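Visitor: Starting off with a structure, shown below.
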Amino acid sequence: MTSRRVSVVRHLLVGAASHDAITNIALDATASGHYSESSEIYSWFEPDVSVASLVRPVRELPRGCDEDVLVYHLSYGIPDLTAWLLSRSERLVVWYHNVTPAEFFQSIDSEFAEGLAHGRREIEILRSRCIFAIADSTFNSNELGAAGYGDVVVARPSQTATRLSGVGADATLLERVWGRFPGGFILCVSQVLPHKRVDQAVEVLHVLREYQRLDIGLVWAGPARQPRYMEAITALQRRLNQPNVEFVDVVSDGGLAALYRACVCFVSFSDHEGLSLPPLEAMANRAPVIVKAAGAVTETVGSGALVLPRDIGVMELSEVIGEVCRNGGMRSQMRINGDAHLKLHRDSGAFRDAVDRIHQLAS
């Protein structure tokens, strides 16, 4: 008697690196050991060396069959990748992490902007192939619903908020930052990209220092993915004579824990987010949190952060941040609010339920 073939679950990312949120979501989704079938992660672009032992290049992905499940983490569009997905025989699950609107990048990198535009088209192209979809947030789920997806599961990541709770602070990094900014610093954690509004952060810092006379710096933790945008930021700093920004690129978990715990406040200047996890990490590490109401940010932070209008101007934003920096009582209340929100944000089981649903297809 021939035994039944064991179905395989494979996850496909556009790219993979250790500090990439989508990579970590895929790793979290495959971390459970109670599944009998295998679960593998592949990347269309060559995986970064930091995850080379965990994520394999797509050229190593074997030809599947219609009993297998392919989970595609949609975040950017590549026509060759779209055609490749349509040629596969596996059952397709789309895990939607949002695609940044192309207009943010049009003047900086038109080729990258076209990839984002194709990513938006890909949502529609894959709809008929998708057996069900997973979204990181209600905001993302609504985008899929507007594109005609009828079966969408909202599964917010379950581990991120408290992942640094047992991590010791990197004292060396902290000494360096405090040495440069003895009066304290505002913290931002994200990639250096146009929609993250690094330009607005620099302008706000200029107002805080030059007009409000606050002796404070700005630390930006995250890689610079767009050289032309980084050049524009450097030019802006020169124009404003504002060197008091420390770009620390990718830092270790110990470095990130140190920055969260030591900052005067954490601020997200972003104009578009499909999820936004750093504000939750900041709350978990006792940082007062200020965000703009962009995309999924409002539903992510709830009442745990000070939420400002997405279209707030530099002067108004500077007034709010300046008040938080000067007012210790206000910061204490913001920490209390963050703690209360995190208790409500504890994993509801939705993330694991979504992963279970994937693996039930293969059982």
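The values are calculated or read from the model by the stated rules, or taken from the named source; none is laboratory data. Bear in mind that the values here come from a model prediction, so they are computed numbers and not experimental data. Every residue, glycine as well, gets a Cβ built from its backbone with ideal geometry; the counts of neighbours run over all protein chains shown. The accessibility values were calculated without ligands, DNA or RNA, using every heavy atom of the protein model including side chains. Shrake-Rupley method; radii C 1.70, N 1.55, O 1.52, S 1.80 Å.
Visitor: Using the basic label-point model (7 angstrom from Cα toward the beta carbon), what is the E319 to A147 distance in nanometres?
Guide: 4.0 nm
Visitor: Run the quick spin-label model on I336 and A83: label points 7 Å from Cα toward the beta carbon, then report their separation in nm to one decimal.
Guide: 6.1 nm
Visitor: Okay, moving on. One quarter of the convex hull surface, Cα atoms only: what value does that give for the range 239-363 in nm²?
Guide: For the range 239-363, the mean projected area of the Cα convex hull comes to 10.2 nm².
Visitor: What residues of the range 320-363 lie in the reach of a label at A31, counting those whose backbone N is under 16 Å from a point 7 Å from the Cα along Cα→Cβ?
Guide: Counting backbone N atoms under 16 Å from the label point, the list is 346-356.
Visitor: Still on this structure: So how far apart, in nm, are the two label points at Q106 and N327 if each is 7 Å from Cα heading toward Cβ?
Guide: About 3.9 nm, to one decimal.
Visitor: Can you tell me how the range 143-241 classifies by the Cα gyration tensor, rounded, prolate or oblate, using a/c under 1.5 as the rounded cut?
Guide: In terms of gyration-tensor shape, oblate.
Visitor: Once the dipole of the chain is set up with Lys and Arg at +1 and Asp and Glu at -1 on Cβ about the Cα centre, which of H272, H195, V219 lies farthest towards its positive end?
Guide: So the residue furthest toward the plus end is V219.
Visitor: What is the ratio of the Cα radius of gyration of the chain to 2.2 N^0.38 Å, with N the residue count, to two decimals?
Guide: Output field value: 1.03.
Visitor: Compute the accessible area per residue over the range 163-317, keeping the other protein chains in place, probe 1.4 Å, unit Å².
Guide: Working: 5930 Å² over 155 residues.
Value for the range 163-317: 38 Å² per residue.
Visitor: Still on this structure: Let me check against my output: what whole-number percent is the relative contact order of the range 260-352, with C-alpha pairs under 8 Å and at least 6 apart?
Guide: Computed value for the range 260-352: 29 percent relative contact order.
Visitor: Let me ask something else about it. Work out the length of the dipole vector of the range 204-291 about its Cα centre, built from +1 on the beta-carbon of each Lys and Arg and -1 on the beta-carbon of each Asp and Glu, and round it to the nearest 20 debye. Before the final figure, lay out the partial values.
Guide: Numbers: 8 positive and 9 negative charges, 46 e Å.
The dipole magnitude comes to about 220 debye.
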